[in-house]
Structures are given as C-alpha cells and as structure tokens.
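Below is one structure, written out as structure tokens; comments come after it.
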Amino acid sequence: MKKSIWLFLIFIFLVIPASALEAPVPPGEAAAIAPPPTLSFGQGLQKMLRAIIPTMRPDVAEAIGVCTVIFASAVLVSLVGGDVQRLSDASALCGIGCISTAFLSSAHSLILLGASTARELQEYGKLLLPVMTTALAATGHMTTSAALYAATAMFNTAIGGFLISTMIPMLYFYLAVCVSAALTGEKILKAVKKEFKAFLTWSIKTVLTVFTAYLGITGVVSGTTDAAALKATKTAISAFVPVVGGVLSDASESVLVSATLIKNSVGIYGIYAILAIFLKPFFRICLHYLLLRICAAVCAMFTSEAIGELVEDFSSVLAILLGLTGALCIILFISCVCFLRGSGL
Amino acid sequence: MKFLGQLLVTVSGVSILGGIGASLTGSRTAKRIRVITGLFILLAVLEAVSSVSPGDYLGDFERFTLDAEHYADQGRALSETERAAIISRSLGAYIETGAADYGLRLEAKVDLSDEDRCSPVSVTLTGEWTAEQKEKITADIAREIGIPKERQQWIFRK
C-alpha cells in the first residue's frame, strides 16, 4: 500500500515539468506538415512525403518546361550551324542566349527559395536549440549540452550568414561568369568558374568535417565531465541519512525520467520540424537539378561543347544551392540527434 | 562573412570584365588584359586576406559560449526546482504516514536547505496531538530525517 502511494506521488510529480519546455512550432506551411512526435520516424517521414509529393506537380511541369526549351535550343543550334563557321558562331551565341534566359528565370526563384529555406532553418534553429539545451541540461548533462549548443549555434549562424549574405549574390555572379565563359570562350573565365566551384565544394565539406570533428571531441570530453559530476552527486546522496537518501534518490530518478521524456519529445518534434521546413524546397531544387543533369547529358551528345558545358554549369549552380541548404539542415539534424543521445558524435 | 562576399564579388567582377575585354581585342592586347586582370585578382585576394581579424570570430564564439552556459544553467535550475519540490512533498508525505501509524492526522511541510536544495532543514507540523505522541514523532523525525527538535515547529489546530 505504502509503495503504491509513493509511486502515485512520484507519477503526479512527473507531470509537472512537461509544461515548462515545449518544442517551437515551425513557420508557415511546415507547421501543418510536421507530424506529432508520437509517430515513429518512418511513419512521420511517410506522412510528410504524402503531404509534400502531391503539391509538386506544378514544379514538375516547370522543370520539364525549362528543360524542353534548353533541349530545343540545343537541337536548333546544331541543326542551323552546319559547316559554315560564321553561321555556326552566330547560332551558338543565340542558343546560349536562349538557354540562359530560360534557365535564369527559374534559377532566380530557386535561389530565392534556397535563401528563404536557409533563413527559416536558421531562425528555427535559434528557437529550438535553447529548448534542447535546457532539456538536456535538466537530465544532468550540463557540459555536453553547453558544448553542443555553442557548436551548433556557431555553425548555424556561420553557414546561414554565409549562405544568405555571401552565397546568394555570389550564385548570380557565378551564373554571370558561366554565361560569359560560354559566350566568349575565354580561358580566364573558365578558370575562375572552375576555382569558384572548387572553393564552394571545399567550403561545404570543410565546415561539415569541422563540425562533426568538434562534436566527436565534445562527446569524449564533456561525456567524461558529466559522468564524473553524476558520480559525485551519487556519492553525495549516499552520505545522507537512509530515509532522506532514498527520497533524494527517487526524486532525482523521477526528475531524470521526466526530463528525458521531455528532451526526447522536443528532439523528435524538432527533427520532424526541420525536415518539414527542408523537404519541400529540397525536392523542388532536386527535381530541377536532376532534370537539368539529364538534359545536360542528352545535349552533350549532339550539340557544341560550349552549350553542353553551360547546361552542366547551370546544373552545378543548383547542386551548390542544394549543398549549402542541405549542410544547414544536416548541422541541425546531427545536433538534434546528439541532443537526443545526450552526447557528442 | 562580409570580406568573403566582397572578395568573391571583386574577383568575379574583374574576371568577367577582363574576359570580355580579352575576347573583344586582338591577341597582343588580350595578353595585356589577361595580365592586368590577373594582377587585380591577386590584389583583391591579398587585400581581403590582410583585412581578416580573427577577433571578430572569437567574439562570436564567446557570445555563443555564454548563451550556452545560460541555457544549461536554466536546465539545471529547472531540474533542481522540480527535485526540491518532489523531495519536500515526499518527506512531508513520509512524516504524515508515520504520524498516521500513531493515530494522528498531521500536515507536514518540510523546508529544504537554500544551499543544496535537497537536505531538509526544518519542518512545520500542523494538527492535533498529545504530549506523548509529539515526543515520539519528534524523535522519529530527528532520527530518520535529520531535522533536530529545535527546528521542528508544531502548530496546534483542531
């Protein structure tokens, strides 16, 4: 009887902290897509895909339209050009103009979409991370939670800032360099284009490597510190008189259980919310990218080298955009998983 | 981030202008344009690299570290508050159950130490009792919970 009274009391207290910490709701339509944290990851993902895929029809039509214009221009250039050099040059210039116009109109909206997604992810991260940090610290992982927050917030701000303030204007410049290189055939422009792409790819890889390495080291260092602190607390508890020691131990246990429940619930909802913000723009850009890659492969078979290269460059712009937005999402994702595990990588 | 943006804008701007200029002119002038463009790019890179101050980035990291400590402290405070509430109410319930064994209906409110927020320092007991019952319970509380007689406040209420 006594035991059941004690259990009843403990379970009543378990409810108390649940109201203190809640995961922030994602902005816009992502709030409607994000599934509740009670669903399993597979079910949640399925629910989100079911909500997103039917809305992709206009994007499929737009991407096919752009690729058709590019393909038709490439076919016309190869048909008109023939053996006459002057005619061939003029048609190539016209072809490049047509292809650039067709791509740039959709590229503009995709770049803006990438930027707004990055901004939304960055802002959501700023709301989610403090809640996750507080929830993890409540489970006794003080050092780990502080280290995870510092790293994630710094990388989130750095990559978000880099993408929004530097990359977006630079993607337009990169497009200009690609078009200029295709039009003039200048070696210097081709070299700049190549270096630019290499620099961006290297930046994304380096940032992700540094981030994961930092989390790996944090996992070892802060995990040890937290374990030592936990051991010290247990030793202090055993020094109390038996009744108080028992109550203290039970109370610590129930606070830990409730804090872990909250942390898991916030973390899982956070992961779903991040995916809900990211998945739709990701699919949109990915769809354009994949169709453009196929188009570039087909064009390369029968059109001039300059046009084939230009279409490939355009697809690489979308790849860079995907890479940068994806990097921001991956950082938040990895961080949420680390918060859930209560340790670094 | 600003310096990187400026650097990339300068490099690509100079390259586009240089490239177009070189393609529009004869081979000798084109060579000169290429050399001048290359020098401009080199200057832009050197200027940007020399203007980088690591202090700005360290400052940001310091801010994030302070924020991290603040949020972690909030988490600790939250769990400590919850734990203190549970301990206080559980000890109160323990005393009330013990009093019921002596046939008493008491209301016990246990106060915890401000320092560690888990060791009981005083208790307020409200209800009806006889001198003998009070003596027994006072001794039990002192022995089992560690609150001495002088820090037990008894309020008689019918």
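Read the figures in this text as sums done on the coordinates, not as results from a lab. Keep in mind that this is a model prediction, so the values were computed, not measured. When we count neighbours, we look across all protein chains shown, and the Cβ atoms used for this are built from the backbone with ideal geometry, even at glycine.
Listed values, structure above:
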quantity: Hull shadow area, averaged, the stretch A:89-225 [alpha-carbon convex hull, nm²]; calculated: 9.7 nm²
quantity: Above-threshold pairs, the threshold being 21 Å between Cα atoms, out of A:Lys231/B:Lys149; A:Lys263/B:Lys109; A:Lys193/A:Lys280; A:Lys187/B:Lys31; A:Lys190/B:Lys31; calculated: A:Lys231/B:Lys149; A:Lys263/B:Lys109; A:Lys193/A:Lys280
quantity: The stretch A:183-292 shape via C-alpha gyration tensor axes, a/c threshold 1.5; calculated: oblate
quantity: Partnerless cysteines, meaning none of the other Cys C-beta atoms lie under 4.7 Å away, in chain A; calculated: A:Cys94, A:Cys98, A:Cys178, A:Cys286, A:Cys299, A:Cys329, A:Cys336, A:Cys338
quantity: Residues of type aspartates and glutamates that B:Lys134 reaches as a straight line, Cα spacing below 14 Å, ignoring anything fewer than 8 places off in the same chain; calculated: B:Glu96, B:Asp101, B:Glu107, B:Glu150
quantity: Furthest towards positive pole of dipole, A:Val255, B:Ser113, A:Ile64, structure part the protein assembly as shown, Cβ charges; calculated: A:Ile64
quantity: Cα gyration tensor shape of the protein assembly as shown, rounded if a/c is under 1.5, else prolate or oblate by comparing a/b with b/c; calculated: prolate
quantity: Shape call, the stretch A:28-70: gyration tensor on alpha carbons, a/c limit 1.5; calculated: prolate
quantity: Angle in degrees between helix A:57-81 and the longest Cα principal axis of chain A, rounded to the nearest 10; calculated: 30 degrees
quantity: Å³ per residue enclosed by the Cα convex hull of the stretch A:142-198; calculated: 66 Å³
quantity: Between helix A:2-15 and chain A: long-axis angle, C-alpha atoms, 0 to 90°, nearest 10; calculated: 30 degrees
